[in-house]
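Here, each number is a calculation from the coordinates, and none is a lab measurement. For clarity, every value in this text was computed on a predicted model and none was experimentally measured. For neighbour counting, all protein chains shown are included, and Cβ atoms are generated from backbone atoms with ideal geometry for every residue, glycine included.
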């Protein structure tokens, strides 16, 4: 069975979605850069090993990433899942785990990388917004896209209302991506393109994600 470590900074709602979905991966630990992250309590209550590498204790990103890598490697995971992990990782850290780090971002990348994605989508007047699961590369919120889910941007939408609709889709597609990895269905076709094998997987996933037959 493939294994993973989940990295969080806060409540870890995507972490909870991953664990509760039981996608066929062994989640070996949950690690946070914030000692007070609520998600640590949830993970511990489910009997999962937890750890903290407090970024405030380190003088540089490189030093923090080295300590984080040491904590991760103690569990020898196949994959890392960033689930609301609010740290920009160094290129050296990312190169340590090539094609093994997954992130979920609240926009339809490559649109709206970075923060405040829901506000920016509303201000731009777009009609579709959503979430993206992608492999992490040194470029911020960039990398081969594994799956996306779109939601409509409605007249009069607030950031909070739009964020809630997007989050519901995040909780669908992150476990789906995890299951594809567990089943060995993810293939790289060049440096920037990912393909998922199996029936029922196609371009319509970007608009209407649903479980394949």
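When DSSP beta bridges are limited to those with both residues in the chain, what percentage is antiparallel, rounded to the nearest 5? Mind dumping the intermediate values first?
Working: 14 of 30 bridges.
So the antiparallel bridges amount to about 45 percent of the total.
So which residue, out of 29, 74, 17, gets the largest mean-square fluctuation from a GNM of the chain using Cα contacts under 10 Å as springs?
Taking springs between Cα atoms under 10 Å, the residue moving most is 74.
Suppose each label sits 7 Å from its Cα in the direction of the beta carbon; what would the residue 124-residue 155 distance come out to in nanometres?
For the pair residue 124/residue 155, the computed spacing is 2.3 nm.
So what's the Cα pair-distance distribution over the stretch 98-146, bin width 10 Å, in %?
Histogramming the stretch 98-146 at 10 Å steps yields 28, 50, 19, 2 percent.
Note down the nm distance, to one decimal, between modelled labels 7 Å out along Cα→Cβ at residue 88 and at residue 116.
1.6
Remind me, relative contact order of the chain in percent, using alpha carbon pairs under 8 angstrom and six or more residues apart? Don't skip to the answer; put the middle values down first.
Details: 399 pairs, mean separation 40.2, N = 213.
Relative contact order for the chain comes out at 19 percent.
Using the 2.2 N^0.38 Å rule of thumb for compact globular proteins, work out how the chain stacks up: its C-alpha Rg over that value, please.
Normalised Rg, Cα atoms only: 0.99.
Hey, rough spin-label estimate for residue 185 and residue 56, points 7 angstrom out along Cα→Cβ, what's it come to in nanometres?
About 4.3 nm, to one decimal.
Among 22, 56, which comes first, then next, by fewest other beta-carbon atoms within 10 Å?
Neighbour counts put them in this order, fewest first: 56, 22.
Please rank 174, 97, fewest neighbouring Cβ atoms within 10 Å first, as an exposure proxy.
Numbers: 174 28, 97 17.
In increasing order of surrounding Cβ atoms, one gets 97, 174.
Express the relative contact order of the stretch 1-111 as a whole percentage, based on alpha carbon pairs under 8 Å and six or more residues apart in sequence.
31
Hey, fewest Cβ within 10 Å first, where do 117, 137 land in order? Mind dumping the intermediate values first?
Values: 117 24, 137 19.
Least to most surrounded, the residues fall as 137, 117.
Tell me the mean residue ellipticity at 222 nm calculated for the chain from its helices only (DSSP H runs of n ≥ 4, each -39500 (n - 2.57), averaged over every residue, nearest 500). If you can, show how the numbers build up before the last one.
Working: 6 runs with 68 residues, N = 213.
About -10000 deg cm²/dmol.
Take the Cα atoms of the stretch 1-98, find their three principal axes, and give me the spread along each one in whole Å, biggest first.
36, 28, 19
Subtracting the Cα-Cα distance from 0.36 nm times the residue separation, let me have the gained length for residue 20 to residue 70 in nm, one decimal.
15.3 nm
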